[in-house]
Amino acid sequence: MKKVAIVLILLVSFSIVSCQTMPSSTQSDGSKVAQIYYEMAKNIIANKDYSKLPEAFIYLNKAKDIEPSNPNIYFIYALAYRLKKDDNTAKQYLEKTINLDKNYYDAYNELGVIYYEEGNYSKAKELFDKLIDTLTYQNIDVAYYNRAILYLTLKENHKAINDLESAIMYSDYKNPLYWQKLIEVYLNENNYQKVLIVAQEMESHLGPSDYIHYIKALCYYHLGLFDQAKDSLSKINNQDNYFSIEKDLLLKKMQR
């Protein structure tokens, strides 16, 4: 089994974003069986099926009995214990994963997330720094995003902005979460001109959305450009979503 790419982003629940497995022709019969147990456990964890967590542990135990030195199995164990809110045991399995494979970068990332949640910011930063310095880490955008959240917690906004811009770049400009967090930072600084620039860049890469139309309108409103604000609001078409409600509220403010 090759490593499965797990994305664990601070303040956001994790998801398994891709899975590559060793071609069956290169596996022994035992490894194929271990792979099946591993996949069954992984699917339960990926879907956060709490009712089937006991089954996931049974599958992992069977997989481990067959392949006791497979780091993938211990990594999924760690994620299972994370679902159980048992971070101390999760850390033990993450450390076991790293002991088996020093280049299992997702395990370093998840350890960093746990340390962040525990308030051990220096240890979390050390791990995120390590991942960022490792140019071969496939999820380096996640490491940049996580470190940006850490910097925001430490009130180091300038460093957070730099990391968010890097996260956007390394995600090939495709992850809306990174764009939205960068916009949030500038909004909190009341830097509406910069928000407009970022929103325009986001739209050029991801296309128009109710979110972008509303953000632009909000900025125009604060800049006193009510005609432009109303024009952006007119592009919000979904009558049932959050931004339609915000649209009505902003229109009422402009009528006062």
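The values are calculated or read from the model by the stated rules, or taken from the named source; none is laboratory data. Fair warning: this is a prediction, and the values are worked out from it, not measured in the lab. Here the Cβ is made from the backbone with ideal geometry for all residues, glycine too, and neighbour counts use every protein chain on show. Side chains are part of the model used for accessible areas, which takes the heavy atoms of the whole protein and leaves out ligands, DNA and RNA. Shrake-Rupley method; radii C 1.70, N 1.55, O 1.52, S 1.80 Å.
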note = Of the listed residues (A78, A143, A56), the one being touching a Gly at 6+ places or on another chain (Cβ under 9 Å) and of a type outside the set (D, E, K, R) is A143
task = Scan L196, L127 and give me the residue that is buried (at least 17 other Cβ atoms within 10 Å of the Cβ) and closer than 30 Å to G224 by Cα.
result = L196
request  = Go through (1) among the aliphatic types (A, V, I, L, M); (2) open to solvent by less than 80 Å² (accessible area, probe 1.4 Å); (3) farther than 30 Å from L223 by Cβ and name the single condition A160 misses.
outcome  = (3)
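Can you tell me which residue is nearest to Y105 (Cα to Cα) among those in segment 146-157 that are open to solvent by 30 Å² or more (accessible area, probe 1.4 Å) and assigned to a helix (DSSP H, G or I)?
Filtering segment 146-157 for residues that are open to solvent by 30 Å² or more (accessible area, probe 1.4 Å) and assigned to a helix (DSSP H, G or I), the one nearest to Y105 (Cα to Cα) comes out as R147.
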ask   = Filter segment 163-193 for residues that are in a loop (DSSP other than H, G, I, E, B) and surrounded by fewer than 19 Cβ atoms within 10 Å (Cβ to Cβ); which is nearest to the chain's Cα centre (by Cα)?
value = K174
query = Cβ-Cβ below 8 Å, separation at least six or inter-chain, first residue in segment 170-197 and touching a residue at least 60 places away in the same chain (Cβ under 8 Å) and under 16 Å from I149 (Cα atoms), second crowded, with 17+ Cβ neighbours inside 10 Å and of a type outside the set (S, T, N, Q): which pairs?
reply = L177/I9; L177/Y145
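Just checking, does segment 52-60 include any residue being open to solvent by 20 Å² or more (accessible area, probe 1.4 Å), at pLDDT below 65 and among the β-branched types (V, I, T)?
Let us first name the residues in segment 52-60 that are open to solvent by 20 Å² or more (accessible area, probe 1.4 Å), namely 52, 54-55, 57-59.
Within this subset, residues satisfying the condition of being at pLDDT below 65 are none.
So far as segment 52-60 goes, no, none of its residues is open to solvent by 20 Å² or more (accessible area, probe 1.4 Å), at pLDDT below 65 and among the β-branched types (V, I, T).
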